[in-house]
Amino acid sequence: MQIMKKNYSPLKVITILCFTLFSLSVNAQGVVSSNGALSVSGTHIVNESGNIVSFAGNSMFWSNSTWGAEPFYNANVVNWLKNDWGSTIVRAAMGVGPENGGYLVDQTGNENRVKTIVDAAIAEDIYVIIDWHSHDAHNQQSEAIAFFTNMANLYGSYDNVIYEIYNEPTSCSWSNDVKPYAEAVIAAIRAVDPDNLIIVGSPTWSQDVDVASLDPITSSTNIAYTIHFYAGTHGTWERSKAQTAIDNGLALFCTEWGTVNANGDGAVDAVSTEQWMEFFCENSISHVNWHIHDKPEGSAAVIPGASPNGNWTSNDLTASGTLVKSLISGWPARNCEGDASVSDNDAISLNVYPNPFENTIHIEGEGYFEITVFDAMGKQILVDYGMNSISLNTNDLAQGSYILQLNSLQGVKRTKIAKL
Ligand code: MG
């Protein structure tokens, strides 16, 4: 058994060195300078060289005036997320209204907060999403057209900028409500900016990408579709919808996700989060975590009272912020494992006992397999190999929850384990 170390082959060492050098060059040059304009190619996002790319970063909280997140809309936060978290993308979530303090009632305040984040992202050489953060955008079409026309005039020449024209439609129709709205707003943007990436939502809080994939937008190019998930609520069922959309030819881009429940609160679900990250990794899907704010709820990245200017220590981060920071910073070098569609496949044999365990845990699989154990932060802490069965001595593991992953010829399967 190996704890916290692996034996690396010369080839793997060279690969890691290349990754490191690549990361350094990206950091030195900036992710946008390195990749240039993004575009959709088949089911992927590609950079200016045509290489498949994906990015990981953070969403701001609702921008609404008086909702409390306004102080976090500043350049210091963007600088900190880039340099301390390794974020390569941020999202300005512009609350529209008619909720209190939204764009429809305070146009200048909200627009200025968006511009602050976009300008900061351009200065930091990272990507930025301009998000029409609404659940009712198809009833706000003329306002959205005016806003995005303005944004395209201001920012359409910057490769940094991505337009997200409808955060989360709810119970409306894709073909009758969202798609006609999207086509109208896309036409307005394209009249000014012919090329930057545009991301479209779908009904049921941007879960119905499979529905959209049956009637996709064909009026323009460089259109991607957002998939939103909250790990405590959404799992295999929604990933199968995402897989259907990909199989039908859509390029997906996760502009919002949470480690907790769909209401934005509750405990971090590290196992479900890991399953989603693996799916995204295997499909090269970018992801942007909700949210940067000190609101007292599970999805907030920092604790109440944390500075709105970054400079956060580990003590300033919530459980969600701690996990998300490790996922974002590890994203560029993350190794994907096989096919995500079988990550939680019932057909793959995996029996683990006792669970919870004290010192020794027995694992039964089928044929030759590799076992990897991740801690709650997604960090790999143990690797071993077996044929049909194996017993692991876990004396070196601290008490707590872990994710055990089995890789075999049959595929990949994960389960949660706990040490007493
Ligand atoms: Mg452009």
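In this Cβ point-charge picture (+1 for Lys and Arg, -1 for Asp and Glu), the chain has a dipole of about 860 debye about its Cα centre. Helix 319-330 sits at what angle to the longest principal axis of the chain, using alpha carbons and giving 0 to 90 degrees rounded to 10? Approximately 90 degrees, to the nearest 10.
When peptides 116-123, 101-108 are ranked by their average number of other Cβ atoms within 10 Å per residue, the highest-first order is 116-123, 101-108.
Under 18 Å from a label point 7 Å along Cα→Cβ of residue 33: give me every residue in segment 79-109 with its amide N that close. Under cut-off, by backbone N: 79-80, 82-84, 86-89. Of interest is the spacing of the C-alpha centroids, which for segment 405-420 and segment 215-264 amounts to 25 Å. The angle between the Cα long axis of helix 141-155 and the main principal axis of the chain comes to about 80°, on a 0 to 90 degree scale. FRET efficiency for the pair residue 51 and residue 220, taken as 1/(1 + (r/R0)^6) with r the Cβ-Cβ distance and R0 = 25 Å, rounds to 0.65.
With contacts taken as Cα pairs under 8 Å and at least 6 residues apart, segment 10-339 reaches a relative contact order of 18 percent.
Using C-alpha pairs under 8 Å with a sequence gap of at least 6, the mean separation divided by the residue count of segment 80-221 gives a relative contact order of 21 percent.
Spin-label pair residue 303-residue 353: with each label point 7 Å from Cα along the Cα-Cβ axis, the two points sit 4.2 nm from one another.
Test of understanding: extend the Cα→C-beta vector of residue 66 to 7 Å, then name every residue of segment 103-140 with backbone N under 12 Å from that spot. Residues 105-106 qualify, since their backbone N sits under 12 Å from the label point. Taking every DSSP helix (H) stretch of at least 4 residues in the chain, weighting each as -39,500 (n - 2.57) and dividing the sum by the residue count yields a mean residue ellipticity at 222 nm of -9500 deg cm²/dmol. Measuring r between the beta carbons of residue 191 and residue 244 and using R0 = 30 Å, the FRET efficiency lands at 0.40.
Quick note: the coordinates plus some simple rules give every number you see, no bench work behind them. Remember, it's a predicted structure, so these values are computed and weren't measured experimentally. We place every Cβ from the backbone using ideal geometry, glycine too, and count neighbours over all the protein chains shown.
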